[in-house]
Every structure is written in C-alpha cells, then in structure tokens.
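Single-structure report; data block below.
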Protein chains: 2
Amino acid sequence: MTGAGTTGKRRAIQRGVGVALWRQIADDIRGGLAAGTLAGAEGRLPPEAALAERFGVNRHTVRAAIAALAHEGVLHPVHGRGTFARRQKRLVYPIGERTRFSTGLGSQARERHTDIFAGVQESASTEIAKALGLEAGSKVIRVEARGSADGVPVSRATSWFDAQRFPTIAEAYADAGSLSAALRKFGVEDYLRASTRIEARHADEADARDLRLSPGAVVIVTHAINVDMKGDPFQYSRTRFPADRVELVVESQGKTTVD
Amino acid sequence: MTGAGTTGKRRAIQRGVGVALWRQIADDIRGGLAAGTLAGAEGRLPPEAALAERFGVNRHTVRAAIAALAHEGVLHPVHGRGTFARRQKRLVYPIGERTRFSTGLGSQARERHTDIFAGVQESASTEIAKALGLEAGSKVIRVEARGSADGVPVSRATSWFDAQRFPTIAEAYADAGSLSAALRKFGVEDYLRASTRIEARHADEADARDLRLSPGAVVIVTHAINVDMKGDPFQYSRTRFPADRVELVVESQGKTTVD
DNA sequence: TCGAATTTGTGCGTATGTATG
DNA sequence: GCATACATACGCACAAATTCG
C-alpha cells in the first residue's frame, strides 16, 4: 500500500482515462480544499508552478483547472498576488433517531435557510407506498425542499406524506419554516428516524442544476423513513447532498447531539 | 424544479466539460445497472445503435463506453447476439451500534471472504491518536483488510489499534478470520460502534487498484470508532466501499432488518 | 438450406479538444 | 500566442456472428 507521497493521499493524475487532466486536477483541488489539506492559513493556494510540478503536468493545465474552479466560485486568482480559496469546510450532517431535516447544522454556517416548493399531490409508487405503509396508488403529497448554508446549496430533499393524514403539509411546512412545527399542526408532537439508507453516485442532470454542481461531481443520497411515536411511518424522503460540501455522521443514541 | 422526465434520471451527457463522452456514458450505464433501470430481463442491454441514439452520440462512442465496462467485468458483449450485464444487486451494509465488519452481509452473496494483510506498527498521527484517545505519536498497529462477495471486492478497510493493548491483533485477526474472535483473545468480550462518519468521493489510485474500479468511479468512505463496554475507544478504521456495489443502512436499535 | 434482419466488430478519413514546450 | 502530438468524436462503409422465418 504505497502512500501517495508525503502530502497525503493525492488522487493520481492519469492520462487517457476519459477525464481531462485539468478536470482531474480541479476535482482534486476541490477535494483538498474540503478536506483542508490544501491551501495555507489565509486560504492561499501554492503557486501555479508548484502545483504543476506536484501534479506532474504543464502549468497551462493547472491554469485550466484553476479557471474552472474560479468559474465555479471556489477560487479567485488575483493577478500578482496568488490564488485564493473560498472558506470551505464540509458541513457535518448528523444522522440518528433524533435526526431533523432542518436542524443539526447549528453553528456550522453563518447563514442558513430552507426553500420549500409547494407540494403536489400524486399517486404513490410501489416503493413509496411500501415505505409509508400505504396501498400502492394511494394519494400522497410530495414536497420539494432545498437547504443552503452561506448561500451555497447543501441539500435537496424530496419528501412524501400520506395525503389523507397531512393534506396541507406543504403549506404548513412553508409557513412554519420547520417540519417539526408543521407536523404539530397535524397532531404529531414528536417523531423518530426509523431508518436511513445511504448511497452515493454521480450527480445527474437535476442534481447539477439544483445543487449547482459541476459535471462528474459526487452526490450522497439518503432514503429516510420517519415514524411517529406509535411507530407508524408518516414520511419518506430522499435527500441529495453534494459530497464535497457535506458529510454524514451516525451517532449512537444518547450520545452527543448537535443542535 | 422539473422532475427529470419519465425515462428516469439520466445523467446529462455534456460536451466540452473535461470528461470524455464515453466515460460519462460508461458511468451512466454502470449506475443504471446498479439501480436496475437499464438492462432487460435476461440482463441484455439495448443494442448499441439504440444507446447511441438515446445518448445522442455516435455508435463508436457508445462502443468505447461498453469496452471500458467490459474491461471492468461489468458487461460482456457477444458478437451478433448483444451485450449482457453481469447480475448485479447492491449489497446492503448495515450501520449501527452492533455493526461488525465481517458480518451483516449475511445471505446477500453466495460466497464471502475477507483477506487480511499483516499489520504493521507505526506512530499515530494526530487524527488517529485523537480517535483512540492516545498521545500523538503513540505506537499503533495498522491492519489492512479487503472484503469480497462472489469474487468481487466490496470493501477495503484500514484499522488502527493501540499497540500496547493489542500487540498481535493482526495475527489474531488473520488466524480467527473474524475481528470479534480476535478481540476476545485480548479480553474484549463485546464492543459497540460509537460513531461513523460518512463521506463520498472519487476513487483515487489506491481505491482503483484495491477495489478493481475504473477512474471516475465513486467510493463511500466511512470513518468508524469502536469502543469497548467501558466506553473506551480501541479501534479506529477507515473503510472504502465501491458506491455502485454497496449501500449503507442506518437502523435504529432493535428495529427492522433488511432481508 | 437459404436468405433477410439484427447486432457486434473493424477500418479509415476528418474535425475538434487536450496537453506540451 | 503558436506549433506539435495525441486523444476524442464523428460519419460512412463493410465484415462477421447470430437469429428467425
């Protein structure tokens, strides 16, 4: 198991694998910023020549990578002074019995908000019906939401609720700004996260649009089921997280909770 | 927020973004197979011409994607008959207090085994020392392991143990074939998973080699801390999972188990 | 057995994108 | 910015294996 050099795991830059070198380098730099292993104290990147040598490529190629990241808003090169990175530390999103969608990010960002898009009623697919314990084809309400931190999208959730039990959940959610508050209007005083399935994949077209991702980016997808205190499932949701802005933490119950 | 059409979320094939079309298509097909949305009953893919039209590219380009996946072992094209996909369903890897490395996959695969590479002693980095509650620079034992199911690598774990407390853990692990059994030799009768941090990223060179992945593939990385029944951490491990062969499930204690 | 349709495999010329110095 | 080399993508044509009436 060769450690890839002294600076820690650097993704190998390979030729002829279908990914342009400048994109491999851009992805690597973005990952290095998220992990905090790149960039010095004031967020300054090593000079282009140094990066070129480190990656074993021409300086032109590094410049192309930096240009792409600058276009994403991650870096700003300043003529004569160097290239600077936007403050970027991954958000930690806790997962456990007490997981709440809109909370849990606490003081990790200066500014946070959730956009909720009006829900629509539709017929439950077999998968969603099963998750909610309904008959296939039952009416459900779908609610779309997007979470941002400091102006950057960090989550994109699609949730389904039983339309009979929660007919106006979308409006209540949008009004209250919090799912917990909205649920109380329907008599759900408290609830638990029953299970969370986690997968990861490349961003598809919708992810790239909604989360402002570049092609080839990685998203973490969670499939969650929330149950009320009687143990009945009432919410099924799929949430997409940009993998370079968010990480998940599973904690055993009773342990530290971030709020 | 338009739902991405009825044909299912198809990753947009984009030109001039630094990723070759054939690689974008290969990633998309691989994802489609894992999700079960591609390939018919007998695992046969649509003909090359149809795929080319669907993706809006030349047939040569689709062929390049198929060739890459064939090289990975995911597809095998047969002259005159079509292109066939290997039976592929994602393994579900449970995460919770009772998570064990080698178990939990139960009957999901016909054949399972774990390769353990002899451990080496080294000085703990600050991160590892902190996770294990040791002084930075303390001696720790690093154990490398790889899990396979039906001959395909599905996990690649690196674990660290306090060298003072578990001097021959690697040998014991290799002999017993199970971590739980090895730990009992050191007086650890039972243990719990205290926390699991989950991130996702592109596969690096080491992942590609150890897990037989192609560049651009996605890996899920877990950082786990196990504690003994007194609550003292004794193992810190980082595990890489190929995202198209594995998904994680977080369950509340005692609750539903996936079958 | 024959032939037509389907599907993968191969060759080649050309245009564009990527990477170097 | 320029010249060079290589990878990528296209379009067209045809060969080879398989299937089916």
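Quick look at the values:
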quantity: Among the candidates B:His60, B:His76, B:His71, residue that is closer than 28 Å to B:Gln24 by Cβ and either more than 16 Å from DNA strand D (Cβ to nearest atom) or in contact with a Lys or Arg (Cβ under 8 Å, 6 or more places away or on another chain) (or both); calculated: B:His76
quantity: Every pair of residues 6+ apart whose Cβ atoms lie under 9 Å, when the first sits in the range A:16-32 and is more than 12 Å from DNA strand D (Cβ to nearest atom) while the second is of a type in the set (Phe, Trp, Tyr); calculated: A:Ile25/A:Phe55; A:Asp28/A:Phe55
quantity: B:Ala200 vs. criteria buried (at least 19 other Cβ atoms within 10 Å of the Cβ), farther than 30 Å from A:Leu213 by Cα and at pLDDT 90 or above; calculated: no
quantity: Unique residue being crowded, with 19+ Cβ neighbours inside 10 Å and more than 30 Å from B:Gly16 (Cα to Cα) when the list is B:Gly80, B:Gly96; calculated: B:Gly96
quantity: Selected residue [more than 9 Å from chain A (Cβ to nearest Cβ) and either open to solvent by less than 50 Å² (accessible area, probe 1.4 Å) or in a strand (DSSP E or B) (or both)] from B:Gly231, B:Gly187, B:Gly216; calculated: B:Gly231
quantity: In the range A:37-65, the residues that are of a type in the set (A, V, I, L, M) and in contact with a Phe, Trp or Tyr (Cβ under 9 Å, 6 or more places away or on another chain); calculated: A:Ala39, A:Leu45, A:Val57, A:Val62, A:Ala64, A:Ala65
quantity: Where a residue in the range B:74-95 is away from chain A (no Cβ under 14 Å) and on the phi > 0 side of the Ramachandran plot and its partner, wherever it lies, is assigned to a strand (DSSP E or B) and not polar (S, T, N, Q), with Cβ under 9 Å and at least six apart; calculated: B:Gly82/B:Arg44
quantity: Qualifying residue in the range B:152-163 (condition: within 11 Å of chain A (Cβ to nearest Cβ) and closer than 26 Å to A:Ile198 by Cα); calculated: yes
quantity: All positions within the range B:31-50 that are more than 13 Å from DNA strand C (Cβ to nearest atom) and open to solvent by less than 10 Å² (accessible area, probe 1.4 Å); calculated: B:Gly32
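Residues are listed down the side, and each one gets a yes or a no for (1) open to solvent by 20 Å² or more (accessible area, probe 1.4 Å); (2) among the polar types (S, T, N, Q); (3) outside the structural domain of B:Gln235 (by TED's automatic domain parsing):
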site	(1), (2), (3)
B:Gly16	yes, no, yes
B:Asp28	no, no, yes
B:Ala52	no, no, yes
B:Gly56	yes, no, yes
B:His60	yes, no, yes
B:His76	yes, no, yes
B:His113	yes, no, no
B:Ala118	yes, no, no
B:Gln121	yes, yes, no
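The values are calculated or read from the model by the stated rules, or taken from the named source; none is laboratory data. Note that the coordinates shown come from a computational prediction; the quantities given were computed from them, not determined experimentally. Virtual Cβ from ideal backbone geometry, glycine too; neighbours counted across all protein chains shown. Just so you know, the surface numbers come from the protein's heavy atoms only, side chains and all, with ligands and any DNA or RNA stripped out. Shrake-Rupley method; radii C 1.70, N 1.55, O 1.52, S 1.80 Å.
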